[in-house]
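Colleague: Quick one: this structure, given as structure tokens, is what I'll be asking you about.
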Amino acid sequence: MKKNAVRDEQRSIRHMIEENNRLREQLHPDNERYYSDMMVYIRTSGVEERQGEELLLELLQHLIEAQHGGKSAREVFGEDPEGYCKELIEQLPRAGKQEQLKLLVMVPWIALTWYFLVQGLFPLIRSFGGDGEGSQLVDIPLMVPVAIGLSSLLFVRLLLAVVHKSSFKQGKQSMKWQFIALNTVFIGAIVCVAVFGKEWLPTWSVSSWICLAIFAVGLLGQRVLFRD
């Protein structure tokens, strides 16, 4: 019963997002840019998802009505959209424990799923290409999956914070470079642990086929556990 209620709520949220996407096409370019910044800010603010989407849909419908009357988004919501959104957000509940737990599980799950795909494919490619004897065993430092899980969570949290903070910035160039820097640090940390960790960390020797099986289970889990 509870599971059905959660599924119905997810469908409702997805419907609101789709309706939002459809209605945004009616906005004039300047109004669309103004509203999109508000949308990004609210969606990355950590409020309860359903309440946030209801608010966004209400704001959008109000803006479209005003646009038909010849008004711009700035005339409707003011010259300080960030301050306006802050006031609205303060009245909304924060994301519940279930939403937070979903993010805590989903991000490392996805990161590790694709990590094991890479680990499983590379030895097979070398083997089929006739590289050496084509050993299909992979040595994985035990800390690497832990590092990937934790760093992927940190990466997503930092990324959301950067996007949220930069929502109303006139120039998005700084956000672009911050995103590149975050990616570089994230990938560099994983590569360093994976390459140098084999020398001084305990390793797990596993068949590439097992890695691919873990990937398949992880992919199935994504579809079953995290689908809307």
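Colleague: Given the residues 86, 71, which is the only one that is in a loop (DSSP other than H, G, I, E, B) and within 21 Å of residue 168 (Cα to Cα)?
Modeller: 71
Colleague: Okay, moving on. When you check residue 125 against the structure, is it exposed (fewer than 13 other Cβ atoms within 10 Å of the Cβ) and either assigned to a helix (DSSP H, G or I) or of a type in the set (Phe, Trp, Tyr) (or both), yes or no?
Modeller: Spelling it out, residue 125 is indeed exposed (fewer than 13 other Cβ atoms within 10 Å of the Cβ) and either assigned to a helix (DSSP H, G or I) or of a type in the set (Phe, Trp, Tyr) (or both).
Colleague: Moving to a separate point now. Can you name every residue in the stretch 51-79 that is under 21 Å from residue 16 (Cα atoms), open to solvent by 30 Å² or more (accessible area, probe 1.4 Å) and touching a residue at least 40 places away in the same chain (Cβ under 8 Å)?
Modeller: Listed by number, the list holds a single entry, 51.
Colleague: Under 7 Å between Cβ atoms, which residue pairs at least 6 apart in sequence (or on different chains) link something in the stretch 10-26 that is farther than 20 Å from residue 47 by Cβ with a partner that is open to solvent by less than 80 Å² (accessible area, probe 1.4 Å)?
Modeller: Within 7 Å, the pairs are 23/60; 23/64; 26/64.
Colleague: Do you know which residues across the stretch 80-122 are without any contact (Cβ under 8 Å) to a residue 12 or more places away in the chain and of a type in the set (A, V, I, L, M)?
Modeller: Listed by number, the residues that qualify are 101, 118.
Colleague: Now for a different question. Looking at residue 107, is it among the β-branched types (Val, Ile, Thr) and surrounded by fewer than 16 Cβ atoms within 10 Å (Cβ to Cβ)?
Modeller: So residue 107 does not fit the description; no.
Colleague: Any residue at all in the stretch 91-113 that is among the acidic types (Asp, Glu), at pLDDT below 90 and either within 25 Å of residue 166 (Cα to Cα) or assigned to a helix (DSSP H, G or I) (or both)? Break it down stepwise before answering.
Modeller: Step one: filter the stretch 91-113 for residues among the acidic types (Asp, Glu), giving 99.
The next check asks that each one be at pLDDT below 90; those that pass are 99.
With either within 25 Å of residue 166 (Cα to Cα) or assigned to a helix (DSSP H, G or I) (or both) added as a condition, the list becomes 99.
Yes, the conditions are met somewhere in the stretch 91-113.
Colleague: Step by step: first the residues of the stretch 19-43, then only those that are among the polar types (S, T, N, Q) and more than 15 Å from residue 68 (Cβ to Cβ), then the one that is surrounded by the most Cβ atoms within 10 Å (Cβ to Cβ). Which residue is that?
Modeller: Filtering first and then ranking leaves 20.
The values are calculated or read from the model by the stated rules, or taken from the named source; none is laboratory data. On a predicted model such as this, the values are computed, not experimentally measured, just so you know. Every residue, glycine as well, gets a Cβ built from its backbone with ideal geometry; the counts of neighbours run over all protein chains shown. These area figures cover heavy atoms from the full protein model, side chains too; ligands, DNA and RNA do not enter into them. Shrake-Rupley method; radii C 1.70, N 1.55, O 1.52, S 1.80 Å.
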